[in-house]
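Written out below as structure tokens is the structure these notes cover.
The values are calculated or read from the model by the stated rules, or taken from the named source; none is laboratory data. For clarity, every value in this text was computed on a predicted model and none was experimentally measured. Here the Cβ positions follow ideal geometry from the backbone for every residue, glycine too, while neighbour counts run over all protein chains shown.
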Amino acid sequence: MQQNVILGIDVGATGIKGGLVDVVNGKMLTERHRFDTPSGGKPKDMAKVVKKLVDHFEYEGAVGVGFPAVVRRGTAASAANIDDAWIGTNIEQIFAAATGNRFFALNDADAAGIASMRFGIGQPFMEDGTVLMITIGTGLGGALFVDGELMPNLEIGQIFLRNQKVIAEKFISNKVRRDNDMGWKEFGKKFNKVLSHVDGIFNPDLIILGGGASKHFLEYQKYLKAYADVKPAKLMNTAGTIGAALYAGLKVNK
Ligand code: BGC
């Protein structure tokens, strides 16, 4: 049976957020509900919070989950800002065991990208063009689309920039900005080093910025220099939740 309303969950290193999504038109049907990510980010503790979200919505059915790691066939293959025990853990199975629901997991930035391509500002490039999504949150996430096809698990936050000893997401992210009380000018200049670097590697037509810092795009837009058009995600912070639900919808409604 076709399932048009799906629970989308955006698992982050600091918050776990979820809401019901109409996967036909890509709209949120509820407010997003949020719980803090348990400190340490251990699999069992996070599974308990996912259960609280499922219970909150009294939801039965398939769940889509965007997860802040490389995700290969449901299994986490990295753990930059969560507990290392996640590496090799099957996300879909551990959440299914905690809740009794069926889960479909993908990288969180890939989820945000899917929503922005199908229902956001990436739409004009669904058939033709290259789009790069960068999510700016605790870490930096990346998603690349060529003619609407996703190249999954693009780990933009893990690269090294010229003359830097730390990886890109330790050099600048929304967390780095907050932790260092950084103004938008300094943030913009630092983020531009990441942006112009990846712009020159992937040469996309459009770069979409998502995650927490995308809400403040106008404050730092003037410091960004890329050949690609650079725009904030229209769906803002909800893109990850919507995209996770869309992904599960594609799997169950085949
Ligand atoms: C992870 C990515 C993730 C990004 C955004 C990074 O630390 O390595 O997989 O997409 O954070 O959450």
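Computed values, structure above
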quantity: Only one of 95, 103, 67 that is more than 28 Å from residue 234 (Cα to Cα) and buried (at least 24 other Cβ atoms within 10 Å of the Cβ); calculated: 95
quantity: Restricting segment 230-254 to residues that are outside any loop (DSSP other than H, G, I, E, B) and of a type in the set (Lys, Arg), the residue that is farthest from the chain's Cα centre (by Cα); calculated: 251
quantity: Filter result (under 19 Å from residue 196 (Cα atoms) and touching a Gly at 6+ places or on another chain (Cβ under 9 Å)) within segment 160-176; calculated: 167, 168, 169, 170, 173, 174
quantity: Qualifying positions in segment 142-180 - within 26 Å of residue 122 (Cβ to Cβ), surrounded by 13 or more Cβ atoms within 10 Å (Cβ to Cβ) and more than 14 Å from the ligand (Cβ to nearest atom); calculated: 145, 146, 148, 161, 177
quantity: Residue identified as surrounded by fewer than 19 Cβ atoms within 10 Å (Cβ to Cβ) and either assigned to a loop (DSSP other than H, G, I, E, B) or of a type outside the set (Ser, Thr, Tyr) (or both) among 61, 113; calculated: 61
quantity: Per-region count, segment 59-89, residues within 19 Å of residue 7 (Cα to Cα) and away from the ligand (no atom under 13 Å from the Cβ); calculated: 7
quantity: From 95, 104, residue being more than 16 Å from the ligand (Cβ to nearest atom) and not in a helix (DSSP H, G or I); calculated: 104
quantity: Whichever residue in segment 28-53 is out of contact with any helix residue (DSSP H, G or I) (no Cβ under 7 Å at 6 or more places or on another chain) and of a type in the set (Ser, Thr, Tyr) and, among such residues, is modelled with the lowest pLDDT; calculated: 39
